[in-house]
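Right, one structure below, let's go through it.
The values are calculated or read from the model by the stated rules, or taken from the named source; none is laboratory data. Just so you know, these numbers come straight off a predicted model, no measurement behind them. Here the Cβ positions follow ideal geometry from the backbone for every residue, glycine too, while neighbour counts run over all protein chains shown.
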Amino acid sequence: MKLVIGITGSTGVIYGVRILEVLNHLGIQTHLVITEWAKKCLTMETSYKPEQLKSLATEYSDDSNLASGVSSGTYKTDGMIVIPCSMKTLSGIANGYDETLVTRAAGVTLKESRKLVLVTRETPLTAINLENMLKLARLGVIILPPVPGFYTKPKSIDQIVDHTVGKCLDQFNIEHDLYKRWGT
């Protein structure tokens, strides 16, 4: 399995860090694209440096490199997760504005009928945000805001983050034990 992981400039960059850690641990290939604002959020919100994040991925492309393999449908992947997904990125994807590699890779994922998961981060949401989400959901995009399942009785932020990361992995049928499932 090979997944494209896009990390954009929105609070919650820890979700992107954690999914890379888990996928790396599981031996799943990843092609990482990090936006400039994501790099800024990374240093503001965590103790990670961009180079540490890049080292967790199998491959890395700069967000400005529109000649990267992930910008072509001939580059085979099993799908893409944008985690977190800023409203700017959501808008770019919803409206086919492939200005960056993250939005171009997402557009390629859509045109090749591959699974696209967006972990959208914003609150409150405007009607524009909701319309963009609806437009993409109608195309089969999974809109997966990081909403914790409190039935798991999380005791830490790490457990809350793991819940969302686990929900993303579930979309690709990747086995994990990141959270306790309902009824178990």
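Summed over the range 156-176, the residues that are in a loop (DSSP other than H, G, I, E, B) and either hydrophobic (A, V, I, L, M, F, W, C) or closer than 16 Å to Asn24 by Cβ (or both) give a count of 4. With respect to being over 22 Å from Ile143 (Cβ atoms), over 13 Å from the mean Cα position of the chain (by Cα), modelled with pLDDT of 95 or more and part of a loop (DSSP other than H, G, I, E, B), Tyr60 falls outside the description.
Look through the range 17-32, keep the residues that are assigned to a loop (DSSP other than H, G, I, E, B) and in contact (Cβ under 8 Å) with a residue 40 or more places away in the chain, and return whichever of them is nearest to the chain's Cα centre (by Cα). Full working, then the answer.
Residues of the range 17-32 that are assigned to a loop (DSSP other than H, G, I, E, B), as a first pass: 26-28.
So of that shortlist, the ones also in contact (Cβ under 8 Å) with a residue 40 or more places away in the chain come out as 26, 28.
Numbers: Leu26: 17, Ile28: 15 Å.
The residue in question is Ile28.
Taking the listed residues Lys76, Lys39, the one that is assigned to a helix (DSSP H, G or I) and among the charged types (D, E, K, R) is Lys39, with no other qualifying.
Go through the residues of the range 5-16 one by one and say whether even a single one is surrounded by 15 or more Cβ atoms within 10 Å (Cβ to Cβ), in contact (Cβ under 8 Å) with a residue 40 or more places away in the chain, of a type in the set (A, V, I, L, M, F, W, C) and part of a helix (DSSP H, G or I). Step through it out loud before you land on a result.
Taking the range 5-16 and keeping what is surrounded by 15 or more Cβ atoms within 10 Å (Cβ to Cβ), we get 5-10, 12-16.
Cutting the leftovers down to in contact (Cβ under 8 Å) with a residue 40 or more places away in the chain gives us 5-10, 12-16.
Going one step further and asking which of them are of a type in the set (A, V, I, L, M, F, W, C), we end up with 5, 7, 13-14.
Okay, now just the ones that are also part of a helix (DSSP H, G or I), so 13-14.
Yes, because at least one residue in the range 5-16 is surrounded by 15 or more Cβ atoms within 10 Å (Cβ to Cβ), in contact (Cβ under 8 Å) with a residue 40 or more places away in the chain, of a type in the set (A, V, I, L, M, F, W, C) and part of a helix (DSSP H, G or I).
The set of residues from the range 33-50 being out of contact with any Leu (no Cβ under 7 Å at 6 or more places or on another chain) and either within 22 Å of Ser91 (Cβ to Cβ) or in contact (Cβ under 8 Å) with a residue 24 or more places away in the chain (or both) comprises Thr35, Glu36, Trp37, Ala38, Lys39, Lys40, Cys41, Glu45, Thr46.
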